[in-house]
Amino acid sequence: MVVLLWQSLAFSLAVPIVAAFPLAQPFEPIKRQANGSTASLQVDLGYAVYEGVASCSSRVNTFKGIRFAAPPVGLLRWQAPQVPPINRSQVISASTFGSPCPQSGNSGPGSRQLEAGSEDCLFLNVYTPANASNLPVLVWIHGGGYGLGDGTQNMTEIINANDDGFIGVSIQYRLGAFGFLSSDEVYRKGVVNAGLLDQHFALQWVQTYISLFGGNPQQVTISGLSAGAGSVMLHDIAYGGTLGSSLFVNSISASPYLPQQYGYKDWVPSQSYYAFATAAGCPPTWAYGNSSQAIFECLVAQDTTMLQNASRLVSSSGTFGSWGFLPVTDGTFLQETPSQALAANRINGINHLTGNNAEEGYPFTTPNVTTENDLLAWIHLVFPLLSPTDITQLLTYYPVNLSPDLPKLATSGDYGLTALDVSQVATGPQQTADTIYAESTFICPSYWLAEAYNIKGAGGYVSHKGYKYQYSVVNAVHGSDLPGYFGPAGPNQSPDLVNAFQHMWGNFVRTGNPSIAASIANGASSGANATAGNSGLENWPPFVGEEGYRMVNLNQTGGTEETSVAVIARVNVTYYAGDERRNKLTVVDAESWEGGRGDRCTFWRAVAGRVPE
């Protein structure tokens, strides 16, 4: 086994690609015992030796709680991630997850009491098929508004569904104020976007070490949901799109979260910084009375509980559904907003698969928009930089349907009532607000990503491809798609739907193309008709092509009507269960979808500099 020395390493995040990790030597990760069994799985990472856990039932070995960076505590708070300390005194059991990072909710649906977590939380987990060798790798970045969540997502089922054809890695990163505190002082004395730099550091770890687990570092796909998908989007544009395929080849974004992204020392993040400092016992007046110690040094010296409570307080004090600490444009890692970078095709990686859910917005929209005046007041509150002309134009794209007889139902997307009119949970001004938030924050970023990855090189050769889908299985609220690709199936998801979804992701991880066979698209429950007919998914069209803007709509038909409380406990919703459900996966026109969504996304791109996003 090769022992790798860490003390001599230098690491700077001011340049696009750095040798943060020494190159590891090829190493067989399974240490066979004298009797020939493989009960003991040891991997030597140089700085530590970890022992994983074998599973005969799933055929996927797990390595949980692997440290990929030094604990960011004390003087390492709000600093770039550092290499882990050497710990070779004993073999470390990789049977349990590492501690989650300190949690910080938002104003509204995430403002409940949260577990404490630990600042010593920069761990990742590896799911590798038995006897894996040079397999593609799927890296998962969890969501949670950059304030919640952890890396405990079980990736076994999607690996098994794809014939054990790739390796899974789930990562953790600093959250809330610990990961996204920003101001001029933080920039000068530490780093902003610390949580994104943690993710970047973990991707470098994968490049160095995943071969020890049987993975191919040249065939990595990064993925995420919500803020995890937003993180994927930010890695897609990191360092001005100059990284190429050095860290990943493909990327997947499920409901990419794009909140307003300010400059690191703009008024909004600076005010959050001062509010945080005050709540943490380091108010701005501190600096005047203690000339030898500025606010930043005071914060570095505070205990974790004080800082976490301050992070919660600030994050929960904003507009409904908002988060207090978010990524910022820093001029280096993030050189511009996503809308700007994607419009100019300044991207990393080769291919991208992106999706949105049918009803993204309502968990994050103030639930009391009952009149047109309420709607206008909400728009001014959520988008304060829009000009009167912008707002007038916005309302032409989002007219309010005031009909008193509108039913609450899931729209079809391509005919009849649209998302401008109704959803399963709202009508009237409330539905208009929900749709504005959904499209500006989740759906249009998905459109922009799919479009940005359709690039033609010299001679018309397509050098990059972007693919798009919408998850429409009722109730398609934000986040309800997660069981569709990782399992186990939710009550509203048929086995056929989950099987198709998992194969779309799996094929994309392995080949860069999400196309699936007709038998999988139609579903085994269709019996003799499973292989009949062309669903269009056998040759999944790129988002931009000769036929215009095309995407796949993932839905079901049939089943028995049931009622349940939605994912975010706000309303009762209808879904369908039972053995009579059948897949309905179709290629549709993304431009005309939901009453002309393509034009509305063009509007948001036009005003993106004043949102900003």
Two-decimal Rg to Rh for the range 350-610 - Kirkwood Rh, Cα set: 0.98
Fraction of antiparallel bridges per DSSP, the range 350-610 only, in percent to nearest 5: 65 percent
The range 180-309 - convex hull of the alpha-carbon atoms, volume per residue in Å³: 143 Å³
Lys/Arg +1, Asp/Glu -1 at C-beta; the chain dipole; positive extreme among Pro404, Val587, Gly149: Gly149
Theoretical FRET efficiency, 1/(1+(r/R0)^6), r = Cβ-Cβ of Asn131 and Thr511, R0 35 Å, to 0.05: 0.95
Label-point separation, Ser564 to Leu381 (7 Å along Cα→Cβ), nm: 3.1 nm
Neighbour-count ranking [beta-carbon atoms within 10 angstrom, fewest first] of Trp378, Trp267, Trp448: Trp267, Trp378, Trp448
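Can you give the direction-averaged projected area of the convex hull of the alpha-carbon atoms in the range 290-349, in nm²?
Numbers: hull surface 29.2 nm².
Convex hull of Cα atoms, orientation-averaged projection: 7.3 nm².
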10 Å-binned pair-distance histogram of the range 49-140 (Cα, whole percent): 14, 34, 33, 16, 3
Additional length obtainable on full extension of the chain from Val73 to Thr602, 0.36 nm per residue less Cα span: 186.1 nm
Beta bridge orientation in the chain: antiparallel %, DSSP, nearest 5: 50 percent
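Normalised by the empirical 2.2 N^0.38 Å for globular proteins, what value does the Cα Rg of the range 370-477 take? All intermediate terms of the calculation are to be shown ahead of the outcome.
Details: Rg = 17.1 Å, N = 108, 2.2 N^0.38 = 13.0 Å.
With N residues counted in the range 370-477, Rg over 2.2 N^0.38 Å equals 1.31.
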Long-range amide H partners of Ala48 with built H, under 5 Å: Asn87
Charge tally in the Cβ shell below 13 Å around Ser55, where Lys, Arg are +1 and Asp, Glu are -1, Ser55 excluded: 0
Other-chain or far-sequence residues with amide H under 5 Å of Gln335's (modelled H): Tyr239, Gly240
Additional length obtainable on full extension of the chain from Glu51 to Arg610, 0.36 nm per residue less Cα span: 196.1 nm
Neighbour net charge for Cys101 - beta-carbon separation under 10 angstrom, K R +1, D E -1: -3
Dipole of the chain, positive direction: furthest Cα of Gln308, Ala344, Pro388, with charges on the beta-carbon: Gln308
4 °C / 1.567 mPa s Stokes-Einstein diffusion coefficient of the range 124-181, Kirkwood radius on C-alpha pairs, µm²/s: 104 µm²/s
FRET efficiency for Asp579 and Leu409, using Cβ-Cβ distance with R0 set to 22 Å, rounded to 0.05: 0.40
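Once fully extended, how much extra length lies between Gln271 and Thr557, figured as 0.36 nm per residue of separation less the alpha-carbon to alpha-carbon distance?
Details: separation 286, 0.36 × 286 = 102.96 nm, distance 4.94 nm.
Stretched fully, the Gln271-Thr557 segment lengthens by 98.0 nm.
Please work out the Kirkwood hydrodynamic radius for the chain, using every pair of different C-alpha atoms, and report it in angstroms with one decimal place. Could the numbers behind the result be given before it?
Values: mean 1/r = 0.0402 Å⁻¹.
Kirkwood radius, the chain: 24.9 Å.
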Within the range 127-167: backbone nitrogen closer than 14 Å to the Arg59 label point (7 Å, Cα to C-beta): 128-133, 156-167
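Return the calculated 222 nm mean residue ellipticity for the chain, to the nearest 500 deg cm²/dmol, obtained by summing -39500 (n - 2.57) across DSSP H runs with n ≥ 4 and dividing by the residue count. Display every interim value, and only then the final one.
Values: 18 runs with 168 residues, N = 613.
Result for the chain: -8000 deg cm²/dmol, rounded to the nearest 500.
Got a sec? How would Arg605, Arg188 order by Cβ neighbour count within 10 Å, fewest to most?
Numbers: Arg605 20, Arg188 10.
The most exposed by this proxy come first: Arg188, Arg605.
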Signed unit charges on C-beta, dipole axis of the chain, positive-most listed residue Leu417, Ser118, Thr366: Ser118
Other-chain or far-sequence residues with amide H under 5 Å of Tyr467's (modelled H): His352, Leu353, Thr354, Phe543
The chain - Cys residues lacking any other Cys C-beta under 4.7 Å: Cys56
Environment charge of Ser403, counting only residues whose C-beta is closer than 14 Å and scoring Lys/Arg +1, Asp/Glu -1: -2
Karplus (6.51, -1.76, 1.60) ³J(HN,Hα), θ = phi - 60°, over the range 434-451, in Hz, Gly and Pro reported as x: 4, 6, 4, 5, 4, 6, 6, 9, 10, 7, 5, x, 5, 4, 5, 5, 4, 6
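A short reminder: the numbers here are calculations on the coordinates, not readings from a lab. Keep in mind that this is a model prediction, so the values were computed, not measured. Cβ atoms come from the backbone with ideal geometry, glycine included; neighbour counts cover every protein chain shown.
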